[in-house]
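Following: one structure in structure tokens, then a few remarks.
What follows draws every value from the coordinates through simple rules; no lab data is involved. Bear in mind the structure is a predicted one, so any value in this text is a computation, not a measurement. Note that we place each Cβ from the backbone using ideal geometry, even for glycine, and neighbour counts take in every protein chain shown.
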Amino acid sequence: MKQDLIEQARAVLARNDRGDYTVPTHGLYPFQWNWDSALSALGFSHFDEARAWREIETLFRHQWDDGMVPHIIFHEMNDGYFPGPEVWATGRAVPTSGITQPAVAGFAVRRIHARAKNRALADAQARALLPRIHAWHQWFYTNRDPQGTGLVAIIHPWESGRDNSVDWDAALARVPTEGVAPFQRRDVAHANPAHRPTDEEYRRYIWLVQHFRGLGWDNSRLHDASPFRVVDPGFNAILIRSCLDLAALADDLGEAEIASASRAFAQAGIAAMDALWSETHGQYLCFDRVTGALIDSPSIGGLLAAFCPIPDHRAQAIAQRLDAIGTAVPYLVPSHDPAAPEFDGLRYWRGPVWLIVNYMIADGLKRAGQTRIVRRIVDDSLRLIEQSGFAEYYDPVTAEPCGGSSFTWTAAMVIEILNAETAPA
Ligand code: GLC
């Protein structure tokens, strides 16, 4: 059974492999996506280390001069996706989008490096990537935390990676729609419209893109100029974790300056994160930097915070919260609280389960010693795969596969999880 699943997962990766990068899935997402690539490299690393490194190397080849690593790289033209390069108009030789995505590459690179069999290749690759990843982290703290609070904001819902979360509803409602050029969505031709965002939300997404484009994609101006500025605990946890992993890698490779700068970012972030804790919900919440208030939306972003070293009592509270959620739905971890009125088990980030998020939450809680809930998350993830294949996401109540099928990072997580199952502790 286990070997069968690994073979099937490898076939999914092979199908979406474009040589130097993978597409998340064929049809719906025909380009390279930032955090998809970093997480998918983990899957490749179990059977082809050179290919795993190439995935991340390709991503960083398209890093901007200011340090940003874009969320999409349009390697090949394909009119099956909207918004395409002509809408972003970022002026790059190989076109990219103009926003970023969760900074998980630092974590992925350290993990791939730590377990690499080809040590010479791993050292060479990690050494080349180290300053680039560090430049990206510096870019975040300079451009997305201009006041030096310790936490970075996203300026577009798509940066979060949790594109359509309930977390963004109130902040997105303040984004205007006047002046948005008429467009035709492509996503609804590939996936069930009932699983996707609404047209109204799409107009606001595009307004933000047009607004940033009008500012020449000058990142030193975009944060303050954006009507959408949200601090997401999950997003920050990923960045903090990557800073810590980069620090450890820098120690190994004798790069003391990168190590100490990275630790300083992480420490400031962990300290600032506590202000996002909600006693009422027993988890972290997002913070709206425009209104100066916490966003009363109990989503998976506040649980994903456990991916970085939060205090033990917080990790324990999150484990308890997951226990409670686990009595409400058969499959952990739903992307939104099943008891909340906005919960929708089928709609994109408003309820469904994503295996990559399960993997990161489980990883963080394992470090915190919360082994019982980790077991449950891993078991639920495997049951989803066995019942419903390598889908983009799953209904946490029925296990129905949703969104795109034959999904790269889902397959990568299966390889990663199944290998960890048999690895010595
Ligand atoms: C969706 C997801 C995002 C992901 C992309 C490609 O936009 O919300 O997180 O990176 O699909 O899989």
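A few notes on this one:
- Note on Thr198 and Asp274: their simple-model spin labels are 4.0 nm apart, each label 7 Å out from Cα toward Cβ.
- The GluC sites (Glu not before Pro) of the range 176-205 meeting both criteria, a DSSP state outside H, G, I, E and B (loop) and at most 11 other C-beta atoms within 10 angstrom of the site's C-beta, are Glu178.
- Cα extents of the range 218-298 along the three principal axes, largest first (Å): 44, 37, 14
- D_trans [Stokes-Einstein, Kirkwood Rh over alpha-carbon pairs] for the range 201-242, 20 °C, 1.002 mPa s, µm² s⁻¹: 182 µm²/s
- Distance from the range 282-334 to the range 126-141 (C-alpha centre basis), Å: 28 Å
- Rounded to the nearest 20 debye, the dipole size of the range 197-303 about its Cα centre is 340 debye, using +1 on the Cβ of Lys and Arg and -1 on the Cβ of Asp and Glu.
- Label sites at Met77 and Val188, each approximated as a point 7 angstrom past Cα along Cα to Cβ, lie 2.7 nm apart.
- Within the range 72-163, the proportion of Cα pairs with more than 15 Å between them is 70 percent.
- Largest mean-square fluctuation among Tyr141, Tyr202, Tyr331, in a Gaussian network model of the chain whose springs join Cα atoms under 10 Å apart, belongs to Tyr202.
- Shown here for the range 246-281: GluC sites (Glu not before Pro) in loop regions (DSSP other than H, G, I, E, B) with at most 10 other Cβ atoms within 10 Å, namely Glu279.
- Cβ-based charge dipole, the chain, positive-most Cα from His46, Ile318, Leu13: His46
- Taken over the Cα atoms of the range 96-232, the convex hull encloses 154 Å³ per residue.
- Restricted to Cα atoms, the range 37-80 shows a radius of gyration and a Dmax of 12.1, 34 angstrom.
- The per residue volume of the convex hull around the alpha-carbon atoms of the range 1-115 is 107 Å³.
- Protection proxy ranking of 9-22, 104-117 - average other beta-carbon atoms within 10 Å, highest first: 104-117, 9-22
- Think of the chain as having a plus end and a minus end, set by charges on the Cβ of Lys, Arg, Asp and Glu; of Thr58, Pro227, Leu355, Thr58 sits farthest toward the positive end of this dipole.
- Averaging Cα coordinates gives a centre for the range 70-86 and one for the range 193-228; these two points are 16 Å apart.
- Rounded to the nearest 20 debye, dipole of the range 328-400 from Cβ charges on Lys, Arg, Asp, Glu: 380 debye
- Taking all pairs of distinct alpha-carbon atoms in the chain, Kirkwood radius in angstrom: 21.3 Å
- In order along the range 250-259, phi translates into HN-Hα couplings of 4, 4, 4, 9, x, 9, 4, 5, 5, 4 Hz, rounded to whole numbers, per the Karplus curve 6.51 cos²θ - 1.76 cosθ + 1.60 with θ = phi - 60° and x for Gly and Pro.
- Burial ordering of Phe235, Phe265, fewest other beta-carbon atoms within 10 Å first: Phe265, Phe235
- Near the amide H of Gln283, within less than 5 Å, lie the amide hydrogens of Ser278, all on another chain or at least 5 residues away, with H placed in the peptide plane.
- For the range 254-367, the share of alpha carbon pairs falling in successive 5 Å distance bins from zero is 2, 11, 20, 22, 19, 13, 7, 4, 2, 1, 0 percent.
- Gain in span if fully extended, Val290 to Val87, counting 0.36 nm per residue against the direct Cα distance: 70.5 nm
- Ellipticity at 222 nm from helices only: DSSP H runs of n ≥ 4 in the chain, each -39500 (n - 2.57), divided by the residue count, give -16000 deg cm²/dmol.
- Projected label distance in nm at Ala124 and Asp251, using a 7 Å step from Cα toward the beta-carbon: 2.7 nm
- Extreme residue, positive dipole direction of the range 313-378, given options Leu332, Leu346, Gln370 (C-beta unit charges): Gln370
- Annotation: amide H of Thr96 within the under-5 Å range of Phe74, Thr90, sequence separation 5 or more or interchain, hydrogens built in the peptide plane.
- The share of Cα pairs per 5 Å bin across the range 272-320, counted from zero up to the longest distance, runs 5, 23, 36, 22, 10, 4, 1 percent.
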